[in-house]
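First comes the structure, then the notes that go with it.
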Amino acid sequence: MKKAHFALAGVLLIGLVAVFFSRDMIGRALSSEPRAVVAHVSLRNNCALPDQNFVVKDLATNRTTRFAGGVARVNTYSDHALILHLAAKYDGVQFNGTAQRAKARMTLTADCDSSEKEAATMKSLRKTLGGN
């Protein structure tokens, strides 16, 4: 019985030490305050356009970040939403991406597979570039 009490006390002591050293991490996880984050955003491109024609836009600040090597590194905050956008040279083209809350690792998808979205994007692109 004495061994069981000693073992229980040892486990409790180890648990208390672990909580003490990880209290900052636990506090951040439970906190609702936004924190600075570098979002590493990967692009899943299902469109006929090359990757360099897309950027990540921070909807809270309207700042855009280009992809380099398939990844955009966005300095933002955890409560900001990021969305895939077309590069500034296609300013007149409408592309509807889906916004996602910023996190350290994320993937945004350029989805032109649905015929309605693709047709609207391509029509807008042709109009901007002076085509039919």
- Query: Using unit Cβ charges (K, R positive; D, E negative) and no other charged atoms, how large, in debye to the nearest 20, is the dipole of the stretch 33-129 about its Cα centre?
  - Reply: 200 debye
- Query: Between residue 14 and residue 129, what is the label-to-label distance in nm when each label sits 7 Å out along the Cα-to-Cβ direction?
  - Reply: 6.3 nm
- Query: Excluding same-chain residues fewer than 8 positions from residue 123, which lysines have a Cα within less than 30 Å of its Cα?
  - Reply: 57, 89
- Note on the structure: The FRET efficiency for residue 73 and residue 33, from their Cβ-Cβ distance with R0 = 30 Å and rounded to 0.05, is 0.85
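Readers should treat all values here as calculations from the given coordinates under stated rules, not as data from a laboratory. Note that the structure is predicted; figures quoted are calculated from it, not measured. FYI the Cβ positions are ideal-geometry reconstructions off the backbone, even for glycines, and counts take in every protein chain you see.
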